[in-house]
Amino acid sequence: MDGVITEWQKLDSSKKYKEAYDVVSHAISNNKHPELYWRKAHSCRNLANSLGKNDKQVYKKYIEEGLSACDEGLRIDPESSKCNSWYGIFLNLSSEIEGINKRIENSFKMKNHWMVILFCQVYLSESHKNRS
């Protein structure tokens with residue numbers, strides 16, 4: 001998995017978003033891991049912003065796919081800070097498409113995901129202190 005992540009990082013930082021998306025999507029078919037799912041979500045956001053810039057259907061497709069990737073990652077590890085973070089980002093992006101009522105509804109869900117992230121960070125910080 002480390003090789004896939006390294007390749008994905010290289011492609012993503014080179015703005016080769018479709019290639020990065022393809023690498024991580026293929027890897028997920030063989031290894032279902034939260035580290036791969038949040039990267040797929042990240043790639044979906046990049047593709048939505050680039051390929052979907054002038055096509056609302058393409059934009060919506062990648063936003064929905066990114067949200068789904070986060071959801072899959074959270075099913076595996078509900079405390080994954082990266083999956084929770086990207087889930088909150090995608091809830092926000094999807095609510096921009098669906099309007100103000102959805103944005104208000106999603107704001108409560110986003111808060112829950114941000115709270116998980118904060119809890120994980122505090123827990124990790126405290127457990128690190130206790131090891132010293």
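The values are calculated or read from the model by the stated rules, or taken from the named source; none is laboratory data. This structure is a prediction, so every number in the text was calculated from the model and none was measured. Please note: Cβ atoms are built from the backbone with ideal geometry, for glycine as well, and neighbour counts cover all protein chains shown.
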Please identify the pairs in which a residue from the range 54-68 that is surrounded by fewer than 16 Cβ atoms within 10 Å (Cβ to Cβ) has its Cβ atom under 6 Å from the Cβ atom of a residue that is of a type in the set (Gly, Ala, Ser), counting only partners at least 6 apart or on another chain.
58/52
Screening 55, 71, 77 for residues that are at pLDDT 85 or above and either in contact with a Phe, Trp or Tyr (Cβ under 8 Å, 6 or more places away or on another chain) or basic (Lys, Arg) (or both) leaves only 71
If you scan the range 56-90, which residues turn out to be within 16 Å of residue 32 (Cβ to Cβ) and small (Gly, Ala, Ser)?
68, 69, 73, 80
Go through the residues of the range 97-113 one by one and say whether even a single one is in contact with an Asp or Glu (Cβ under 8 Å, 6 or more places away or on another chain) and either modelled with pLDDT of 95 or more or assigned to a helix (DSSP H, G or I) (or both).
yes
Would the range 35-45 turn up any residue that is at pLDDT 90 or above, on the phi > 0 side of the Ramachandran plot and not aromatic (Phe, Trp, Tyr)?
no
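Given the condition in contact with a Gly (Cβ under 7 Å, 6 or more places away or on another chain), surrounded by 16 or more Cβ atoms within 10 Å (Cβ to Cβ) and among the hydrophobic types (A, V, I, L, M, F, W, C), answer yes or no: does some residue in the range 6-23 qualify?
No, the conditions are met nowhere in the range 6-23.
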